[in-house]
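Enquirer: I am attaching a structure below and will ask some questions about it afterwards.
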Amino acid sequence: MIDLTEDQLERYSRHIILKDIGVEGQSKILEFKVLIIGLGGLGAPAALYLAAAGVGTIGIADGDTVDLSNLQRQVIHFTADVGKRKVISAMEKMKAINPDTNVVVYDEKLVAANIAGVIKDYDFIIDGTDNFPAKFLINDACVMGKKPFSHGGILRFEGQTVTYLPGHTCYRCVFTGPPPKSSVPSCSEAGVLGAIAGMLGTIQAAEAIKYAAGVGRLLVDRMLVFDALKMDFRTVPLSRNPRCPLCGENPSIRELVDHEQPACDIRRK
Amino acid sequence: MGSYEIPAGLTGEIKDFSCLINEFKNGRVAAKEFKAIRVPFGMYEQREEGTYMIRIRCAAGIITPGELGHIASLAARYGDGTIHITTRQEPQLHYVKLEDAPKIMEELIGLGLSSRGGGGNTVRNITVSEDAGVDPYEVFDVTPYAVALTSRFIAEPDSWTLPRKFKFAFSGSGADKGLSTVSDLGFIARVDGNGRKGFKVYAAGGMGARSSAGKLLLEFIPDTEVYNAAKAAKELFWKHGNRRNKHAARLRFLWDSLGEAEFRRLFGEEYSRVKERAYQPLDVKETGETSRVPDIAAEGPGNAADFALWKDRFVSMQKRKGFMSVTLPVEFGFLGHEHASGLAGFISVFGDDTVRFTRDQNIRLRNIPEKYLGNLYNFLIKSGVSFNRPQVLDGIVSCAGASTCQLGICLSRGAAKAVINKLENSGLDLDGLKGLKINISGCPNSCGQHPVADLGFSGKVLRKNGRMYPAYKISGGAVINDVGTKLAGDLGEVSSRDLPSIAADILGAYLLDADRAKGFQGFIAGSGKKEIERLCAKYAEIPEFEEDRNYYYDWGAKEPFSLATRGSGECSAGVSDLIEVDMDNIARLQKEILSLERTAPGARRGELARELIFYSSRALLVTRGVDERAEKGVFGEFIEHFIDSGLVSGSYRDILCEASRNDAGSLAGKAEEALSLAERVKYLYGAMDSSFSFDAASRVQAAGDIARPGVSRDLRGVACPMNFVKTKMELSKLNPGDTLEILLDDGSPIENVPGSVKAEGHEIVASEKKNGYWSLLIRKKA
């Protein structure tokens, strides 16, 4: 048991007061390690809340620079940051919120060749990416590496998120592979309400913190979907697919590959 | 006039109750206090807020045609038009508005009926076998004893302040058709070697959580001793029953906790004491022949074949030759007011002793001259109600279940309807199942009386892949008699969805069973048990939610199965609730006094202190058996019961006298003392054990001090909520059971931190007011 300092007691007091978290839960959070992949609409609020919550180590991975069109939803980046590496911009804010947090930066795109080496050091991974190949890659790497992770996706006014724990329903149990290139519009074509990025990213952060403290019921074997236009939330039960190409009875996927077809291929100017 | 006597004071009590209703509506009485008083008046709030149910006492299930007609009119005028017959042989009105309740109660008094003791921790309606008085095989008619005991008990105030409900029953013979061997106290008629009338007495049986058969308490008492034995049992329960934990309070729990020998010893003591007081024996009025043969023409039945079938199903011979008793099925006990008043009108020509409510929620008519059965049959045809389907169907008893009961798990009534539907379409010889008892309870508390069933079901939760679905435990083969009552045994479990199918399969197997002549118990004891196991295995696998959602929706439910709305029951609102009301007032006044500005006028301070002393004095009086609620008596009673007995220090005597003199002036400067008295009372309440004894508290006082804390932490000067955060930090370092002392400032810290600590499951061992601050001793939860 860590003996919390007076400053820590005060900083985290609203967590500690919670019956389900308490000193014990907060201590676990302080020792927890989360990796956020993608510092866009989802990664931005997740990074801010996890730093604020006192998560001990937060890895952030993104190979992009801040673009003016990002600022409508990626609230960790400010106007002055346009042109800056996203990981640097994000680290500065996280450190400013909570100097105790150890921020590890990966200023690169995570791909089949490097992802396994990065995730192995973390307790929980947050998928904040914006394209299907990356989402399937993260799913495959986490299932193979037996790492819990939070999947999240947003488009227009809608969002969806699932939490994976080893042994439970994975993303490929539900969606066996990326959709055909033309079937799904990209973010820049379809647009997205900035605020829903905040809604979904904070749900992912909450899942990570609950997992860290070992409390509550995670979004495991069920998917939360919401439509902000109607402001309608529901959870859809999921179950493991015996024919899942990744975690089913006869898996066909045995190694990590980079799918082609980035869904948001027009995003980079 | 009703069968029992209304006590003299009841009219006054009902007037007071009307005043209380007005006070409650004007917001001057707290909901909790109102509940504590209305529930023992037989008035429950329904799940739909602001609507009430009133339960009318009907000793022995007796109702005259005139009363039935009047109750039907009450249901039409003030309720939802339906009379609901309960398993304790009494009618209930539903959907009653608060403001109408006093009118209903007054009209009931006019009829000679009362709702007093209908609910709460009271002597409940006293029941008898439904055919008492007409059963050809009974030893003698027990009805007059149930009625006379009712008249006596409803005039005794301690009948309303028991630790939990108390159920008396009478049976006319060893067949125990009145379920006396499954009651808190049950009397079975017998005659001794000298031809003296008397009773065998069973105690500490009952249904509910941990149902239990009664134990033979007295082999024989002469009938003149019924009141003494009943009174002694009531006294025993009043004094020793568990008042802190309503879930382990019924008399059977006292039997378990004391052990048989001690229970018998204490009962013996009470019994001797009662006998010494030389009460009059019950004033037993033999009912005699109050029925009459009317001067009307006998009719032939409209449909002879159907009439014959109906007679087979529902008509039985009485002791008295030429007279018949007839069961009128009432589905789940819901009797429409039009049918009820029609029936009352029809039956009145046969006299007053013609109608009884039954324990399976039907009506049993009696004293119908055989030649008028055709008239009755024709009347029933004309009334348009269903009255001639196989008897087993309307013999099914089900509680309300989760549809209206806060404790319900499953929708038992929906399941019962589904069973009826299934059986009607099963092609089984349902008339071959006459007399078979099927009982369905929505949860393990046995309001559907599944422990006495031939085939019983009680609601439970099962899970598939982590998802809950409604299900039932199956039990059966109960044997109820004076030789050896055995409650229904566990036989397996089944999903709610498949309950009707398995019920039909089990009954089908029984009808084909070679040992059918031995009855359902014989079937269970023979091949039945294995057969039911096999059937349970057949229905054990249920589909996934995605394959068939029906399994995850209970009968009649619109939402998937969930326990989210399950609450806690109303039944035992009682003494503890009264104490809680005062405790809430104490907390409120403490807060108000502590937040008074220093510049506040002294008179205001003195007034608040006086009020605080009043509530502190009154709160625990009820635990000493003192039912004093009014201002003037409270202080004296407190001095007698708490100060003279040494539970509270004599140093408070002065402020108590000043409070009783209403001397706010002197009290203005003594708010600190009032606060400290309140603390002592709160501490006593915390230390009180299950039978309202403060032994633990006095021991602590005698020892001079509580065990010294392991760790102490001074949190004075630390504001909310950081003082609580730091308390949690300290507690996290301790082992379970260790103690921690913290020092807290007066004001919001002492008002908030103890509650938060308790909410986390830790124990506040003591809180003590020091000079301007508080010391709180906490024991870490195990």
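The values are calculated or read from the model by the stated rules, or taken from the named source; none is laboratory data. Please read these numbers as outputs of a predicted model, since none were measured by experiment. Cβ coordinates were reconstructed from backbone atoms using ideal geometry, including for glycine residues, and neighbour counts include every protein chain displayed. Accessible surface is based on the protein model in full, side chains and every heavy atom, while ligands, DNA and RNA are left aside. Shrake-Rupley method; radii C 1.70, N 1.55, O 1.52, S 1.80 Å.
Residue by residue, here is whether (1) within 14 Å of chain A (Cβ to nearest Cβ); (2) outside any helix (DSSP H, G or I); (3) modelled with pLDDT under 75 holds:
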residue: B:Ser666; (1), (2), (3): no, no, no
residue: B:Tyr683; (1), (2), (3): no, no, no
residue: B:Val700; (1), (2), (3): no, no, yes
residue: B:Arg713; (1), (2), (3): yes, yes, no
residue: B:Asn723; (1), (2), (3): yes, no, no
residue: B:Lys728; (1), (2), (3): yes, no, no
residue: B:Leu731; (1), (2), (3): yes, no, no
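Enquirer: If you don't mind, there's one more thing I want to ask. For the stretch A:1-24: of the residues being more than 10 Å from every other protein chain (Cβ to nearest Cβ) and in a helix (DSSP H, G or I), which is farthest from A:Ile138 (Cα to Cα)?
Expert: That would be A:Asp7.
Enquirer: Hey, another quick one. Do you know which residues across the stretch B:741-767 are within 13 Å of chain A (Cβ to nearest Cβ) and not hydroxyl-bearing (Ser, Thr, Tyr)?
Expert: B:Asn752, B:Val753, B:Gly755, B:Val757, B:Lys758, B:Ala759, B:Glu760, B:Gly761, B:His762
Enquirer: Filter the stretch B:603-661 down to the residues that are touching a residue at least 40 places away in the same chain (Cβ under 8 Å), in contact with a Leu (Cβ under 7 Å, 6 or more places away or on another chain), open to solvent by 10 Å² or more (accessible area, probe 1.4 Å) and not in a helix (DSSP H, G or I) and list them by number.
Expert: B:Leu647
Enquirer: Something else now. Could you list, in sequence order, the residues of the stretch A:204-218 that are surrounded by fewer than 21 Cβ atoms within 10 Å (Cβ to Cβ) and touching a strand residue (DSSP E or B) at 6+ places or on another chain (Cβ under 8 Å)?
Expert: Passing the criteria: only A:Leu218.
Enquirer: Would you check if there is a residue in the stretch A:75-92 being surrounded by 18 or more Cβ atoms within 10 Å (Cβ to Cβ), more than 14 Å from chain B (Cβ to nearest Cβ) and under 30 Å from B:Ser732 (Cα atoms)?
Expert: Filtering the stretch A:75-92 for residues surrounded by 18 or more Cβ atoms within 10 Å (Cβ to Cβ) gives A:75-77, A:81, A:86-87, A:89-91.
Filter once more, so that each one left must be more than 14 Å from chain B (Cβ to nearest Cβ): A:75-77, A:81, A:86-87, A:89-91.
From what's left, under 30 Å from B:Ser732 (Cα atoms): none.
Looking for residues that are surrounded by 18 or more Cβ atoms within 10 Å (Cβ to Cβ), more than 14 Å from chain B (Cβ to nearest Cβ) and under 30 Å from B:Ser732 (Cα atoms), one finds none in the stretch A:75-92, hence no.
Enquirer: Something else about it: Any idea which residue in the stretch B:1-48 is nearest to B:Glu99 (Cα to Cα), counting only those that are open to solvent by less than 60 Å² (accessible area, probe 1.4 Å) and polar (S, T, N, Q)?
Expert: B:Ser18
Enquirer: Can you tell me which residue is nearest to the other protein chains (Cβ to nearest Cβ) among those in the stretch B:528-540 that are open to solvent by 60 Å² or more (accessible area, probe 1.4 Å) and not aliphatic (A, V, I, L, M)?
Expert: By that ranking, first place goes to B:Lys538.
Enquirer: Among the numbered criteria (1) out of contact with any Pro (no Cβ under 8 Å at 6 or more places or on another chain); (2) farther than 30 Å from B:Tyr372 by Cα, which one does B:Ala209 miss?
Expert: (1)
Enquirer: Ok, one more. It is to be established whether one or more residues within the stretch B:417-431 are away from chain A (no Cβ under 14 Å) and part of a strand (DSSP E or B).
Expert: no
Enquirer: I want to confirm something. Restricting to the stretch A:219-237 and keeping residues that are in a loop (DSSP other than H, G, I, E, B) and in contact with a strand residue (DSSP E or B) (Cβ under 6 Å, 6 or more places away or on another chain), which single residue is farthest from the other protein chains (Cβ to nearest Cβ)?
Expert: A:Leu219
Enquirer: Just the residues that are away from every other protein chain (no Cβ under 14 Å) and either in contact with a His (Cβ under 7 Å, 6 or more places away or on another chain) or open to solvent by 60 Å² or more (accessible area, probe 1.4 Å) (or both), please, taken from the stretch B:541-554.
Expert: Residues of the stretch B:541-554 that are away from every other protein chain (no Cβ under 14 Å), as a first pass: B:541-542, B:550, B:553-554.
If the condition is that a residue be away from every other protein chain (no Cβ under 14 Å) and either in contact with a His (Cβ under 7 Å, 6 or more places away or on another chain) or open to solvent by 60 Å² or more (accessible area, probe 1.4 Å) (or both), then B:Glu541, B:Asn550, B:Tyr553 are the ones that fit.
Enquirer: Here's something else I'd like to know. Between residues in the stretch B:752-770 that are within 19 Å of B:Val681 (Cα to Cα) and residues that are charged (D, E, K, R) and open to solvent by less than 40 Å² (accessible area, probe 1.4 Å), which pairs lie under 6 Å by C-beta distance while being six or more apart or on different chains?
Expert: As it stands, the answer is B:Lys769/B:Glu679, since those pairs meet every condition given.
Enquirer: Just wondering, is there one or more residues in the stretch B:454-470 that are of a type in the set (A, V, I, L, M), within 17 Å of B:Ala503 (Cα to Cα) and under 20 Å from the mean Cα position of the chain (by Cα)?
Expert: no
Enquirer: May I pose another question? Taking the stretch B:66-85, which residues are of a type in the set (Ser, Thr, Tyr) and either in contact with a strand residue (DSSP E or B) (Cβ under 6 Å, 6 or more places away or on another chain) or under 24 Å from B:Asp16 (Cβ atoms) (or both)?
Expert: If we filter the stretch B:66-85 for residues that are of a type in the set (Ser, Thr, Tyr), which is where we start, we get B:73, B:78, B:82.
If the condition is that a residue be of a type in the set (Ser, Thr, Tyr) and either in contact with a strand residue (DSSP E or B) (Cβ under 6 Å, 6 or more places away or on another chain) or under 24 Å from B:Asp16 (Cβ atoms) (or both), then B:Tyr78, B:Thr82 are the ones that fit.
Enquirer: Working only within the stretch B:486-495, note down all residues that are open to solvent by less than 30 Å² (accessible area, probe 1.4 Å) and assigned to a loop (DSSP other than H, G, I, E, B).
Expert: B:Ala488
Enquirer: Are any residues in the stretch B:327-374 more than 28 Å from B:Arg413 (Cα to Cα) and out of contact with any helix residue (DSSP H, G or I) (no Cβ under 8 Å at 6 or more places or on another chain), and if so, which ones? Outline the logic, then answer.
Expert: Here is the first cut: in the stretch B:327-374, the residues more than 28 Å from B:Arg413 (Cα to Cα) are B:345-354, B:366-374.
B:Val349, B:Gly351, B:Asp353, B:Arg366, B:Glu370, B:Lys371, listed by residue number.
Enquirer: Taking the condition open to solvent by 60 Å² or more (accessible area, probe 1.4 Å) and under 19 Å from B:Ala229 (Cα atoms), does B:Asp283 pass?
Expert: Working: open to solvent by 60 Å² or more (accessible area, probe 1.4 Å): yes; under 19 Å from B:Ala229 (Cα atoms): yes.
Considered against the rule, which asks whether it is open to solvent by 60 Å² or more (accessible area, probe 1.4 Å) and under 19 Å from B:Ala229 (Cα atoms), B:Asp283 comes out as yes.
Enquirer: Test B:Asp158 against the stated conditions and say whether it is in the same structural domain as B:Gly208 (by TED's automatic domain parsing) and surrounded by fewer than 22 Cβ atoms within 10 Å (Cβ to Cβ).
Expert: yes
Enquirer: Checking the conditions here, which among B:Tyr95, B:Tyr78, B:Tyr137 is surrounded by fewer than 24 Cβ atoms within 10 Å (Cβ to Cβ) and in the same structural domain as B:Arg164 (by TED's automatic domain parsing)?
Expert: On inspection, the qualifying residue turns out to be B:Tyr137.
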